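Q: Got a structure for you, written out below as structure tokens; questions coming shortly.
Bear in mind that the values in this text are calculations on the coordinates, not laboratory data. All values reported here derive from a predicted model rather than from experimental measurement. With ideal geometry, Cβ positions are generated from the backbone for all residues, glycine too; neighbour counts draw on all protein chains shown.
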Amino acid sequence: MSTTPWLPPVERWEELGEALGVELLIARDDLLPFPLPGNKVRKLYAELEGADPDAILLTNGAVTSNHCRTLAMIGARRGQEVHLVLHGDSAERDGAGLRMLSSLGAKYEIVEPESIARELDKVEISSRAQGRAVTRIAGGCHTPAGAKSFRDAGLTIMDRWAPDVIVVASGTGATQGGLAAAAEGRPRTRVVGVSVAREARRGAEAVAEAAAWAGSPNAEIEFLDGYRDGGYGKWTRKTEIAVSQGWMAGLPLDHTYTGKAFAALTDAAGLGGSLRGSRVLFWHTGGLMNFLTGEGASS
Ligand SMILES: *Cc1c(COP(=O)(O)O)cnc(C)c1O
């Protein structure tokens, strides 16, 4: 299994670009040939390269975590057992997300956030005691291999399309960090991460750490925290309008991730204004499940 099984298809969006006053390219990680496409596919395939094919795959995340869903899908395809330690509120416990995890044959339990580390240790110790190998993966796949996978994809995409700016939703920062590493030494290309949760300082530190993992400790980090819109999984009119503008043009967006990044791009008085006339590549990271299951809350 190669590190980068698929590059995102890149599309030109002429009308939407004209409406926004930019030359708009969209890298579609939401259209990978994978049942649950999105940025977690690239990170996890890279993370699992060379890993023991018989080990139990163990990780943690929110009940609605795309990282956990994607790992469950990959585990099913590889015939590998997946064990997830989840946290989340009761409203999401009967949802389509958990039904999908069960259909995929993933084992999971839902614990209080303060018990996650202990529960992971418990599962690992008891599995090993039964003679099973365990591959434990960091939450969100915020790992060196994950960041490198985006550097590799970023290098190819930047070589081919030479964008002035890449705009991407940024959570744990591995995706943006990898892309920032790919942009190092390319004065033409800025990489702008739009925070979906963290405030600027903490977020930028995590992105810089990921860029260093991908080989660029001095990469330029631009991390905008003005579009968080209430925090992780929350949103107001601002994100709602951006999500709707995408769907109206035939581009599926969600309120947790891609809608916030797209809001930054469409903000005439903010980032969007400074991008006028430039070649913008919107790196679409997925998130359709978040939209379809109605996760999160407007505030
Ligand atoms: C996880 C995720 C992100 C954030 O990726 P990071 O590498 O954690 O910054 C963005 N968009 C979607 C749809 C995601 O699932």
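Q: If you average the sequence gap of Cα pairs under 8 Å that are 6 or more apart and divide by the length of the stretch 160-299, what percent do you get for the contact order?
A: Relative contact order of the stretch 160-299: 28 percent.
Q: List Tyr257, Tyr108, Tyr232 from most exposed to least, where exposure is judged by having the fewest other Cβ atoms within 10 Å.
A: Ranking Tyr257, Tyr108, Tyr232 by Cβ neighbours within 10 Å, fewest first, gives Tyr232, Tyr108, Tyr257.
Q: Follow-up question, since we're still on this one. Using the Karplus curve 6.51 cos²θ - 1.76 cosθ + 1.60 with θ = phi - 60°, work out ³J(HN,Hα) for each residue of the stretch 269-285 in order, rounded to whole Hz, and write x for Gly and Pro.
A: 8, x, 4, x, x, 6, 9, 3, x, 9, 8, 9, 10, 8, 8, 7, 9
Q: Ordered by packing density, taken as the mean number of other Cβ atoms within 10 Å over each peptide's residues, highest first, how do 259-271, 77-89, 60-72 rank?
A: Highest mean packing first, the order is 60-72, 259-271, 77-89.
Q: How long are the semi-axes of the equivalent ellipsoid of the chain, taking √(5λ) for every eigenvalue λ of the Cα gyration tensor, in whole Å from largest down?
A: So the three semi-axes of the chain are 31, 21, 17 Å.
Q: Count the lysine pairs in the chain whose Cα atoms lie under 27 Å apart, taking only pairs 8 or more positions apart in sequence or on different chains.
A: Pairs that pass both the separation and distance tests number 15.
Q: Can you check what the net charge comes to around Pro144, using other residues whose Cβ is under 13 Å from the Cβ of Pro144 (Lys, Arg +1; Asp, Glu -1)?
A: -1
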